[in-house]
Structures are given as C-alpha cells and as structure tokens.
C-alpha cells in the first residue's frame, strides 16, 4: 500500500482534485512548488511546510486555483496534517498512522497518511498488518529530518 510521509505541517491534496479542478492541472500545481518539499503517490500529493503562515499562504493559492479547502468543517480537496497530532480537520478520504522506520543507520517514528476513501480504518493507531511503500521527498533521510528532531518553526511576529 502506498503512503506519503507527513512532516512538520503537511498539506495533502487529492490528485483527482488536481485533475478535475485545479486551473492548469497537475503540471501547473507542480510548477508552483519549485522550492517546496514534496512527495506524492498515485492518489495524494503532500507538501511539507514549517509554519502556520506558510500553510495559510499555500492553501490560499490552492483555493485561488480552484481547489476547495473545507466544506461544512470537513476537508474537501485539501487536508492539513501536523506530524505530531494528525489532521487539523475531519477528513474521510485519508487514514494516518505513526510508524517506526529504520534506514539502516538511524531509526525514528514518522507519521504517514494514505488514501482511504472507502471507510478508512481508525486513524492514528498502529497498523502492523499493513505494509507501506512510503513516498518521501527526493533526498529525504531519517538523519536530520523533522521527524527525527521534532523541530517546529513558530511564526515570527
């Protein structure tokens, strides 16, 4: 089963929504992410951000391009996940869990999420019976990652 890595504050977008609703489609979306930390699987695209201000600006851009953040207090095309707490809105199209990963030299616990549109399992619990192919940003390593260090960059005010 494919899943994407959640680090910092991660904005997760449904790939089918990019195809149906995003002005310019997935190519335009990726062009807008040149400096971002991104990973994706067949169903989800995940952008790792470090502060609430970055998340707010990014979601504003996504909405200006045709995506919907929330409807009735629930995630529509986009959901934000905190690496420690999980989704910031109720979302019925993802499931998430924390797993320990080992890259051969280092170990750490990471949060992952995956597309689960049909009755997702209880999120945030251990899922030992499932095997995941975890998608990470290019060059991502356990050593020095946000998952390893749990660093959060607060807004500068």
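So the values come out like this:
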read-out: Which listed residue, of 99, 89, is without any contact (Cβ under 8 Å) to a residue 40 or more places away in the chain and within 15 Å of residue 135 (Cβ to Cβ); value: 99
read-out: Residues being buried (at least 19 other Cβ atoms within 10 Å of the Cβ) and either assigned to a strand (DSSP E or B) or without any contact (Cβ under 8 Å) to a residue 40 or more places away in the chain (or both) - total across the stretch 19-37; value: 2
read-out: Every residue from the stretch 38-68 that is over 15 Å from residue 9 (Cα atoms) and part of a loop (DSSP other than H, G, I, E, B); value: 41, 42, 43, 65, 66, 67, 68
read-out: The one condition in (1) more than 24 Å from residue 143 (Cβ to Cβ); (2) over 12 Å from the mean Cα position of the chain (by Cα) that residue 14 fails to fulfil; value: (2)
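Yes or no, residue by residue, for (1) part of a loop (DSSP other than H, G, I, E, B); (2) surrounded by 12 or more Cβ atoms within 10 Å (Cβ to Cβ); (3) in contact with a helix residue (DSSP H, G or I) (Cβ under 7 Å, 6 or more places away or on another chain); (4) at pLDDT below 95:
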{"position": "79", "(1), (2), (3), (4)": "no, yes, no, no"}
{"position": "97", "(1), (2), (3), (4)": "no, yes, no, yes"}
{"position": "100", "(1), (2), (3), (4)": "no, no, no, yes"}
{"position": "105", "(1), (2), (3), (4)": "yes, no, no, yes"}
{"position": "108", "(1), (2), (3), (4)": "no, yes, yes, yes"}
{"position": "111", "(1), (2), (3), (4)": "no, yes, no, yes"}
{"position": "121", "(1), (2), (3), (4)": "yes, yes, no, yes"}
{"position": "127", "(1), (2), (3), (4)": "yes, yes, no, yes"}
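Conditions (1) under 14 Å from the mean Cα position of the chain (by Cα); (2) crowded, with 18+ Cβ neighbours inside 10 Å, marked per residue:
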residue: 43; (1), (2): yes, yes
residue: 57; (1), (2): no, no
residue: 65; (1), (2): no, no
residue: 74; (1), (2): no, no
residue: 82; (1), (2): yes, no
residue: 89; (1), (2): yes, no
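The values are calculated or read from the model by the stated rules, or taken from the named source; none is laboratory data. Nothing here was measured: the structure is a model prediction, and the numbers come from that model. Cβ atoms come from the backbone with ideal geometry, glycine included; neighbour counts cover every protein chain shown.
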